[in-house]
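The values are calculated or read from the model by the stated rules, or taken from the named source; none is laboratory data. What you are looking at is a predicted structure, and each value in this text was computed from that prediction instead of being measured. A quick note on method: Cβ atoms are made from the backbone with ideal geometry, for glycine too, and the neighbour counts reach across all protein chains shown. Remember, those area values only see protein heavy atoms, side chains included, never the ligands or the DNA or RNA. Shrake-Rupley method; radii C 1.70, N 1.55, O 1.52, S 1.80 Å.
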Amino acid sequence: MSRKIARRRRKCVVLDQKQYPLAAKRRWRFSPTQTIALAFLGIILAGTLLLMLPISARDGESCAFLPALFTATSATCVTGLSLFDTWSQWSGFGQCVILAMIELGGLGFMTAASFVIFLLRRKVGLKQRMVMAQALSLHDMQGVVQLQKIVLLGSLAIQAAGALVLFARFLPEYGFARALRWGIFHAVSAFCNAGFDIFGSLEPGSSLMLFNRDPVVLLTLGALVIVGGLGFLVWEEVARVHSWKKFSVYTKLVLLMSLTLTLGGAVGFCALEWNNPLTLGGMDTADKLLNGLFQSITTRTAGFAAIDQSALTDGGKGLTMALMLVGGSSGSTAGGVKTVTLVVLLLFLWSRARGRATVTVFKRTIPDNQALDAMTISAIMIGLAFFGGIFICATSPVSFTDGLYESVSALATVGLTAGATGVLSVPAKILMIIYMYFGRVGVLTLSLGFLMGNRAEERFRYAHTNLLIG
């Protein structure tokens with residue numbers, strides 16, 4: 001009898017030994033969306049710690065946590081808002097840290113990770129393909145590895161070309177070392193739509209205002225901003241297809257909307273600021289047209305300031321905020337609600353206003369769920385922008401217009417400021433950090449990744465009811 005009891009006890013022990021290792025092997029599993037969001041957060045925290053090192057500061061004194069976090073978030077989320085002049089505050093090492101965060105944030109950490117994978121000739125697994133597809137805003141994984149290679153090589157080639165043009169422009173006047181440093185830094189910052197600059201060695205806080213009559217600098221940076229804001233999928237298709245008729249509907253919409261916003265914005269800025277002596281008023285006709293065009297381009301989440309943003313008329317600030325909210329295109333280095341989102345929203349409103357139930361474009365029907373997604377994203381962005389403007393003017397010594405300008409700039413990851421960044425209160429700075437992170441990772445992406453884990457409520461529906469609308 002005692003032997004049977006002993007055998008039973010041994011079996012229980014064996015079962016327990018099998019159960020505990022299984023429990024120990026249980027790990028947290030993150031979706032591709034959550035992985036991307038957490039990776040951006042990791043880059044921000046690592047950059048914050050590096051910027052807090054004494055070697056990162058020009059004066060050799062360690063930076064406080066909040067300013068370092070603000071700068072790291074702005075760089076990783078390719079926004080451009082800064083509490084300091086980049087050149088005056090940060091040493092060469094600190095500027096390299098900021099540049100690395102801009103590159104990782106603009107191209108996406110998965111692009112950098114894939115570069116290592118390609119160099120080591122490792123096989124890309126299913127999970128890596130899923131994360132790549134999510135990072136590039138693709139709906140499926142077909143051809144994602146090849147597209148990732150094109151994105152990586154194409155991005156580096158475009159940035160190198162821009163850096164070379166800027167280097168050639170700065171070389172005769174500023175010498176080899178400064179021309180090389182300026183060329184590389186600003187080409188990366190422009191392509192990634194970051195808006196950081198290191199022209200503070202000439203005049204702290206001047207941004208591009210010292211070069212607002214230089215067509216080579218403005219047009220080169222403007223071209224890099226446009227290419228970076230079109231989206232990787234679009235310029236890959238443009239380079240591969242070479243025919244308007246064969247372009248996908250998405251690519252056609254991106255190109256048409258980008259051209260319309262750029263030219264329309266340029267006309268609007270010239271009309272609103274033409275006689276303003278503090279912005280375009282003191283320039284000749286050619287420089288007015290050049291700066292009106294560049295202002296239209298840079299508001300699409302780039303953040304370089306060739307004219308004083310605080311001196312814009314109220315109409316100019318309103319147009320700037322509208323363009324900032326729209327931003328660039330999906331799967332690009334730009335932020336905002338995105339160009340095609342605006343197109344879908346406008347088409348949906350136009351169809352509903354005419355009493356039509358379907359939304360069509362280029363002889364194709366847009367699904368209802370995409371129209372609802374466009375409305376959701378737009379409503380969230382506008383609501384957050386107004387809340388941020390009210391919160392900033394309530395907690396900081398700025399007007400509502402400037403507070404709203406700051407809020408939209410952070411949320412759309414633009415980086416333009418009307419002078420409010422330097423006087424923000426601590427709560428306002430924290431809100432701007434949150435907005436920059438949300439703006440880069442994506443409000444809808446975050447909600448889908450973290451808030452929609454339980455779909456139990458979708459398994460049944462309540463009875464319909466009719467309401468009075470309008």
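Tabulated results
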read-out	value
Residues (modelled with pLDDT under 50 and open to solvent by less than 60 Å² (accessible area, probe 1.4 Å)) located in the stretch 425-464	S447, G449, A456
Any pair with Cβ under 9 angstrom, 6 or more apart, that starts in the stretch 350-366 at a residue that is in contact (Cβ under 8 Å) with a residue 12 or more places away in the chain and ends at one that is hydrophobic (A, V, I, L, M, F, W, C) and open to solvent by 100 Å² or more (accessible area, probe 1.4 Å)	V359/W350
The stretch 274-298: number of residues that are within 29 Å of the chain's Cα centre (by Cα), small (G, A, S) and closer than 12 Å to R213 by Cα	1
Selection status of G200, modelled with pLDDT of 95 or more, part of a helix (DSSP H, G or I) and either over 25 Å from L289 (Cβ atoms) or touching a helix residue (DSSP H, G or I) at 6+ places or on another chain (Cβ under 7 Å) (or both)	no
Any hit, the stretch 357-376, residues being open to solvent by 10 Å² or more (accessible area, probe 1.4 Å), at pLDDT 90 or above and in a helix (DSSP H, G or I)	no
Any hit, the stretch 291-300, residues being open to solvent by less than 20 Å² (accessible area, probe 1.4 Å) and in a loop (DSSP other than H, G, I, E, B)	yes
Filter result for A412 (modelled with pLDDT of 80 or more and not β-branched (V, I, T))	yes
Selection from the stretch 305-326 of residues that are of a type in the set (S, T, N, Q), surrounded by fewer than 16 Cβ atoms within 10 Å (Cβ to Cβ) and outside any loop (DSSP other than H, G, I, E, B)	S310
Of the criteria (1) modelled with pLDDT of 90 or more; (2) out of contact with any Leu (no Cβ under 6 Å at 6 or more places or on another chain); (3) open to solvent by less than 70 Å² (accessible area, probe 1.4 Å), which one G162 fails	(2)
Criterion (under 23 Å from V234 (Cβ atoms) and open to solvent by less than 60 Å² (accessible area, probe 1.4 Å)) met by exactly one of S329, S351, S396	S329
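One line per residue, one yes/no per condition, for (1) modelled with pLDDT under 90; (2) in a loop (DSSP other than H, G, I, E, B):
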residue	(1), (2)
S206	yes, yes
R213	no, yes
G228	yes, no
E237	yes, no
L255	no, no
G264	no, no
T279	no, yes
